[in-house]
Amino acid sequence: MYYSIAIDGPAGAGKSTIAKKIAKDIDFIYVDTGAMYRAIALYFLRKGIDGHDAERIAEECPNIKVSLSYDEEGRQQVILNGENVTPLIRSEEVSMMASLTSAIPAVRAALLDLQRNMALTSNILMDGRDIGTHVLPDASLKIYLTASTAIRARRRYDEMCEKGIDCNLDQIEKDIIERDRQDMNREIAPLRRAEDAVLIDSSDMSIDEVVKAVVTEFEKIK
Ligand code: DC
């Protein structure tokens, strides 16, 4: 039997930073499910498909194959129809498209088995929006990681400035609010805290403090 840790939460709560660190500390495979939705969104953007056109999107889904691989340093790489698209999926355009198209049932169905199967073959730490509620409802540990909208926007802004990307704090905050709205209000697998998830609000916590809090929770159930 393998352990599975589910970390869900809204955009910019720090899930991936924290999840990567914890996975390294406890030697688990890290699965960033958002990257899978982003790869699919990139496919639709490249094809010029409207993110609201559910019918057209469902028709295209059988032509899309997403898989994951890991480089020598254990970093996740997302492969879209044989192409490594990892460096191409972090733009705001892809973020918004991923949020829109992940609400479409055919898109979610295309990824569900892949995600579930990963938990059958190794100890994994998976982050996303619906991991504790849908993908791994029996996860060994569930965390719901959140932070205030203002803090999440500021973190994203700092991250982008550091990368030299031109951005605007107000616009980032607006985008985050819009993504939260879409992710929390869609009909299928909306973002919400699972009843048995441990709530962590990282607004006033450092990365190390959050890592420690999650590892402490894991020690309790191990
Ligand atoms: O975590 P992220 O920002 O990379 O995710 C991008 C989008 O993908 C997010 O706005 C909603 C969607 N997503 C989802 O619906 N379910 C998941 N498990 C992960 C992401």
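The values are calculated or read from the model by the stated rules, or taken from the named source; none is laboratory data. As the structure is a computational prediction, the values presented were derived from the model and not from experiment. All Cβ positions, glycine included, derive from the backbone under ideal geometry; neighbour counts span all protein chains shown. With ligands, DNA and RNA removed, areas are computed over all heavy atoms of the protein, side chains included. Shrake-Rupley method; radii C 1.70, N 1.55, O 1.52, S 1.80 Å.
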For region 1-100, please list each of the strands (runs of 3 or more DSSP E) lying entirely inside it that holds at least 3 residues being over 12 Å from the mean Cα position of the chain (by Cα) and either within 15 Å of the ligand (Cβ to nearest atom) or buried (at least 17 other Cβ atoms within 10 Å of the Cβ) (or both).
76-80
Check residue 137 against each of (1) assigned to a loop (DSSP other than H, G, I, E, B); (2) at pLDDT 95 or above; (3) under 24 Å from residue 207 (Cβ atoms); (4) of a type outside the set (Val, Ile, Thr) and name the one condition it does not meet.
(3)
Of (1) within 22 Å of residue 96 (Cβ to Cβ); (2) free of Cβ contacts under 8 Å to residues at least 24 places away in the same chain; (3) not in a helix (DSSP H, G or I), residue 158 satisfies all except one. Which?
(3)
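Rundown of residues vs (1) small (Gly, Ala, Ser); (2) under 17 Å from residue 221 (Cα atoms), yes/no style:
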{"residue": "93", "(1), (2)": "no, no"}
{"residue": "102", "(1), (2)": "yes, no"}
{"residue": "106", "(1), (2)": "yes, no"}
{"residue": "110", "(1), (2)": "yes, no"}
{"residue": "115", "(1), (2)": "no, no"}
{"residue": "124", "(1), (2)": "no, yes"}
{"residue": "137", "(1), (2)": "no, yes"}
Every residue from region 142-154 that is more than 15 Å from the chain's Cα centre (by Cα) and either crowded, with 19+ Cβ neighbours inside 10 Å or without any contact (Cβ under 8 Å) to a residue 40 or more places away in the chain (or both)
147, 149, 150, 153, 154
What single numbered condition from (1) away from the ligand (no atom under 12 Å from the Cβ); (2) open to solvent by less than 20 Å² (accessible area, probe 1.4 Å) fails to hold for residue 189?
(1)
